[in-house]
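A.B. asks: Please read through the structure below; I'll follow up with questions.
The numbers here are math on the coordinates, done by the rules we state, and not lab data. As the structure is a prediction and not an experimental result, all values here were calculated from the model. Because the Cβ atoms are built from the backbone with ideal geometry, glycine has one as well, and the counts that use them run over all protein chains shown.
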Amino acid sequence: MIVMVIAGIIMGIMFNIALGRKFYESGGIVGGAVVGLMMYILGGGFAV
Amino acid sequence: MAAMDSRLKRGYLSLIIFLVVLALSIIIKPHITIQTILVVLAIIIMIIGQAKIQDLVAGLILHPIMAMTAGFLIAGAMGLAGGFDVLLIILRAMAEFEINGYTVLGYIGVGVILANIPTIMPMPCGRILAAALIPGVYLYGGAIANYYGIILDPALPLTDPTNFKYITVVATILAAFIVNAAASCGPSPLGGIGGIGEGNMGTPIGSSGKSQACGIMIATGVCALVIALVVQPLPYS
């Protein structure tokens, strides 16, 4: 779970930069963490 | 006004039915193909939205890679039923949700979640959600740009710096969503291409799901970066 949340945060930082915001802005980081968590619960590894 | 209200009500109903059925399909894993479920779903939403088959394909921007008919039918039905208007209202409300005066997710955070929805709810074919939700993602890309004061001016050429900035924001979120959707069939527990690979190797089904999902998340961010930083306007006058 931690790995997926960290991957989500890295992805969120990339979105912050891509959409012209500062890399440390909370929107992308919190959004990325939420995505990582949701993906852990519902996505990919659900069948395992 | 009354007509708009009833359209929004139909939109809420169709969007809720669509998302609940998709989530239930992943959780319950029914022994029928997802295409059958989607076609039935499209018929239900068509009835709610009072739409005809001819209406569904009109006004949609078709892309060859997203030829999944069921996804397009859903997109057409949702568009007519007002599902995308409602989706935009919900996304805006999520983006502007505040605690102690601070937004929790903001427009970027909601954009990140929206771009990753296909892998959060992985279908056996990535085209399904890509085709079904792309009009909503396109509208939300415009909403992000407008929120940061970037307005599309139809009187100016598309290569004008302001217009190009608007297009870049929309293209960034749209491309990230498409890449995420295209890859999302890999970790699908409903029998995606990753499951086929696992079956051929004789490994337990779903054993590579989590690692695939991590890779897709990172690739989605890389795609957004590439589109935003590398794409330049064409030098024509």
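A.B. asks: If a helix is a whole DSSP H run, which ones in chain B reach 24 Å or further along their own axis (Cα) and hold a mean Kyte-Doolittle hydropathy of at least -1.0? Display every interim value, and only then the final one.
C.D. replies: On the way: long enough: B:2-28 (38 Å, 1.60); B:127-147 (29 Å, 1.11); B:161-183 (32 Å, 1.32); B:209-230 (30 Å, 1.71).
Helices meeting the criterion: B:2-28, B:127-147, B:161-183, B:209-230.
A.B. asks: Around B:V104, under 11 Å between beta carbons, what's the net of Lys plus Arg minus Asp minus Glu among the other residues? Mind showing how you got there, number by number?
C.D. replies: Values: positive: none; negative: B:E96, B:E98.
Every neighbour counted, the sum reads -2.
A.B. asks: Equivalent-ellipsoid semi-axes (√(5λ), Cα gyration tensor) for region B:76-171, whole Å, largest first? Please list the in-between numbers first.
C.D. replies: Numbers: eigenvalues 108, 78, 33 Å².
Output for region B:76-171: semi-axes of 23, 20, 13 Å.
A.B. asks: Calculate the dipole size of region B:2-230 relative to its Cα centre from +1 charges on Lys and Arg beta carbons and -1 charges on Asp and Glu beta carbons; express the result in debye to the nearest 20. Provide the component values of the computation, followed by the final result.
C.D. replies: Working: 9 positive and 8 negative charges, 81 e Å.
Once rounded to the nearest 20, the dipole reads 380 debye.
A.B. asks: Putting +1 on Lys and Arg Cβ atoms and -1 on Asp and Glu Cβ atoms, find which of B:P154, B:C214, B:G142 reaches farthest to the positive end of the dipole of the protein assembly as shown.
C.D. replies: Checking the options against the dipole of the protein assembly as shown, the answer is B:C214.
A.B. asks: I would also like to ask the following. Could you work out which residue, out of B:V39, B:V20, B:V179, moves most in a Gaussian network model of chain B, that is, has the largest mean-square fluctuation with Cα springs under 10 Å?
C.D. replies: Checking each option, the largest mean-square fluctuation is seen for B:V20.
A.B. asks: Using a Förster distance of 30 Å, how high is the FRET efficiency between A:F23 and B:L156, based on the Cβ-Cβ distance and rounded to 0.05? Before the final figure, lay out the partial values.
C.D. replies: Values: r = 30 Å, r/R0 = 1.01.
For A:F23 and B:L156, the calculated efficiency is 0.50.
A.B. asks: Taking the Cα centre of the protein assembly as shown as origin and charging only Cβ (+1 Lys, Arg; -1 Asp, Glu), how large is the dipole, in debye to the nearest 20? Working shown, then result.
C.D. replies: Details: 11 positive and 9 negative charges, 61 e Å.
Value, rounded to 20: 300 debye.
A.B. asks: Where does the protein assembly as shown land on Rg(C-alpha)/(2.2 N^0.38 Å)?
C.D. replies: On the way: Rg = 18.8 Å, N = 285, 2.2 N^0.38 = 18.8 Å.
After normalising by residue count via 2.2 N^0.38 Å, the value is 1.00.
A.B. asks: Based on the alpha-carbon gyration tensor of chain B, what equivalent-ellipsoid semi-axes (square roots of 5 times the eigenvalues) come out, in whole Å, largest first?
C.D. replies: 29, 24, 18
A.B. asks: Right, something else. Can you give the Rg and Dmax of chain A based on its C-alpha atoms, in angstrom?
C.D. replies: 11.3, 38
A.B. asks: Pick from B:N100, B:N163, B:N180: which is most flexible by mean-square fluctuation in a GNM of chain B where alpha carbon atoms under 10 Å apart are linked?
C.D. replies: Greatest mean-square fluctuation among the candidates belongs to B:N100.
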